[in-house]
Every structure is written in structure tokens, then in C-alpha cells.
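Where a number appears in this text, it was derived from the coordinates with a stated rule and is not lab data. Just so we're clear, the structure is a prediction, and the values are computed from it rather than from any experiment. All Cβ positions, even for glycine, are placed from backbone atoms using ideal geometry, and neighbour counts span all protein chains on display.
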Amino acid sequence: MSGILFEMIVTVIYLAGVVVCSFLVGFIWRNVFKRIAHKTPTKLDIMIFEYTEKPVSFLVLITGFYFVLKRLAKYQQMDKLSFLKIMDGIFYAAVVIVASLFVYALIKAILDWYTLEVASKSDVSVGGFAPLIKRLTQFIILFIGIMIILSHFNVNISGLIATAGIASLAFALAAQDSIANMIAGFLIMVDRPF
């Protein structure tokens with residue numbers, strides 16, 4: 001009984017350490033790296049550190065929980081092989097989701113920086129297209145992340161990719177005039193020929 005109690009106490013201490021490490025990484029990301037970024041001439045790096053703080057903290061938290069649970073499974077009387085296989089799958093899916101959030105945060109920071117800094121200084125108004133580009137980017141990154149997760153679990157994704165291709169082709173053909181007008185409007189806003 002004392003061995004099990006000791007392992008539970010050690011596991012709780014490790015879990016608390018993982019949470020503290022996650023907060024510590026977030027604190028360093030927010031306070032140390034952002035202060036260094038404030039010394040650069042652009043605001044892009046500040047926005048990147050600001051937007052990617054949560055995905056980095058989540059990655060540390062998920063990785064720590066994974067190793068604590070893996071350590072706990074080593075000492076428990078359970079079917080270790082199936083538990084570790086399930087845990088590896090959950091960890092892989094969580095890492096792909098966090099990586100997708102990180103990539104989306106990077107792209108969002110670049111788009112926000114572009115609309116705030118570059119577009120305002122060059123007298124180009126692309127503010128109306130920024131939400132559309134963000135939403136489209138979010139959808140594409142989500143789709144790629146789901147495809148990566150499904151392929152890891154040996155799900156045949158070729159049918160899903162073919163369906164997505166046919167659906168996007170049908171949408172493009174149906175909205176051909178609207179898309180052409182939108183692109184023409186965007187080019188007029190950027191070039192300002194009048």
C-alpha cells in the first residue's frame with residue numbers, strides 16, 4: 001500500500017511541476033522574449049510572441065502530461081501495451097492540434113501586422129479582406145491538421161481529399177463571377193488607378 005501511495009504522491013508532484021513549467025514558459029515567452037522583441041524596429045515579432053504564447057504553453061503542458069502518464073503506466077498493473085498505444089495516439093493528435101494553432105497564430109500575426117503597419121503606411125486598404133483571408137487560412141490549417149491526424153490512425157483519406165477537391169471545384173465554378181469581381185475589386189484597391 002505504501003508503494004502505491006508513494007507513486008501517487010510522486011505523480012501529483014510531477015503534475016504540479018508540469019503545470020508550473022507551462023506557466024513558467026508562458027511567463028518567459030510573454031515577459032522576456034517580448035521585451036527583447038520591443039527593441040526591434042518592427043512590431044511583427046512582438047505580435048508573433050503575443051499570439052503564439054498560448055500554443056507554446058499548451059505544448060509544454062501536453063508534453064509534460066504525456067511523460068507523467070507514461071511514467072505512471074509503468075508502475076500500474078494494467079495492460080500497458082494498449083494503454084500506451086491509446087496514449088500515444090492521443091498525444092499525437094494533441095500535438096498536431098497545438099501545432100495547427102501555432103501555425104494559425106503565426107499567420108494571424110503576419111496578417112494583423114500587415115493590415116496595421118504596411119497597409120496603413122502605403123495607403124492601401126486591405127482591411128476588408130483580412131477577415132476573409134484569416135477565415136480561409138483557419139479552414140485550410142484545420143483541414144490539413146485533421147488529415148494528418150486521420151492518416152496517423154490509418155484512415156484512408158484519399159476519398160476525403162478527392163471529395164474536398166471536387167467540392168472546391170464545384171464552389172469555384174458556381175461562384176466564378178463573384179470571385180472574379182472580388183479579385184478585380186482587390187486589385188483596384190491595391191493599385192488605385194483612379
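So here's what we get for this one:
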read-out	value
For the range 2-121: relative contact order, % (alpha-carbon pairs under 8 angstrom, 6 or more apart)	32 percent
Dipole magnitude of the chain, debye to nearest 20 (Cβ charges: Lys/Arg +1, Asp/Glu -1, about Cα centre)	480 debye
R0 of 35 Å, Cβ-Cβ distance Phe153-Leu24: FRET efficiency to nearest 0.05	0.60
Given [x] 18.9; [y] 17.9; [z] 20.7, the label whose value is Kirkwood radius over Cα pairs in Å derived from this model	[z]
Cross-link pairs beyond the 28 Å C-alpha cut-off, checked among Lys39/Lys108; Lys34/Lys108; Lys34/Lys70; Lys54/Lys134	Lys34/Lys70
Positive-end residue, the chain charge dipole about Cα centroid, Cβ charges, pick of Leu187, Val103, Ile62	Ile62
